[in-house]
Amino acid sequence: MPRPALRTRSRRRVYRRTPGGRTVIHYEKRKPGPARCGMCGMPLNGVPRLRPVELRNLPLSQKRPERMFGGVLCVRCLEKVLKKTIREQVIAELEKIIASRTQQSSAAAES
């Protein structure tokens with residue numbers, strides 16, 4: 001009989017056949033679900049499905065993709081975020097240019 005600590009539903013029950021012909025139950029920790037995107041919730045590619053203890057022993061390059069927001073956002077959401085930030089930057093620069101031109105034109109009109 002297994003230890004009472006192992007007889008819990010938080011562990012997987014795996015039926016194993018022993019060399020003697022008996023079938024016994026082994027209790028294993030469950031495999032975690034896939035890492036998911038922070039925006040859309042899609043499973044992330046390139047992130048292994050390991051428990052934190054096992055993930056700790058991997059090199060950094062195998063824990064997550066080496067790009068911006070790697071292991072946090074999927075590629076589609078990352079593209080949306082980048083496009084949005086670039087648009088905001090371009091709009092801010094255009095507003096500065098327009099403001100400077102209006103100041104120049106008002107100064108030229110006064111003199």
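Values quoted throughout were computed directly from the atomic coordinates according to the rules given, and no laboratory measurement underlies them. Everything quoted here is computed from the prediction, not taken from an experiment. Because the Cβ atoms are built from the backbone with ideal geometry, glycine has one as well, and the counts that use them run over all protein chains shown.
Sorting Lys84, Lys63 from the fewest to the most surrounding beta carbons within 10 angstrom yields Lys84, Lys63.
If you take the square roots of the eigenvalues of the alpha-carbon gyration tensor of the range 24-66 and sort them as a ≥ b ≥ c, do you get rounded (a/c under 1.5), prolate (a/b over b/c) or oblate? Verdict is oblate for the range 24-66. Each of Met42, Leu55, Ser105 was placed along the dipole of the chain (beta-carbon charges, centred on the mean Cα), and the one lying farthest toward the positive end is Leu55.
Pop the C-beta distance of Tyr15 and Val53 into the FRET formula with R0 = 41 Å and round what comes out to the nearest 0.05.
On the way: r = 25 Å, r/R0 = 0.62.
FRET efficiency, Tyr15 to Val53: 0.95.
Between Gln62 and Ala5, the distance separating the two model label sites (each 7 Å from Cα on the Cα→Cβ line) works out to 2.8 nm.
By the rule of a C-alpha distance below 30 Å, with chain neighbours fewer than 8 residues away ignored, the lysines paired with Lys84 are Lys63, Lys96.
For the chain, a Gaussian network of Cα nodes joined below 10 Å ranks Arg30, Arg22, Arg13 by mean-square fluctuation, and the top entry is Arg22.
For the chain, the longest principal axis of the alpha carbon atoms and the long axis of helix 75-110 meet at an angle near 10°. Taking semi-axes √(5λ) of the Cα gyration tensor in Å as the quantity of interest, determine which of [x] 61, 12, 11; [y] 18, 15, 14; [z] 20, 14, 13 was computed from the displayed structure. From the options [x] 61, 12, 11; [y] 18, 15, 14; [z] 20, 14, 13, the structure gives [x].
With each label modelled as a point 7 angstrom along the Cα→C-beta vector, the Ile91-Ser105 pair spans 2.2 nm.
Among the GluC sites (Glu not before Pro) within the range 56-111, those in coil by DSSP and having at most 14 neighbouring Cβ atoms inside 10 Å are Glu66.
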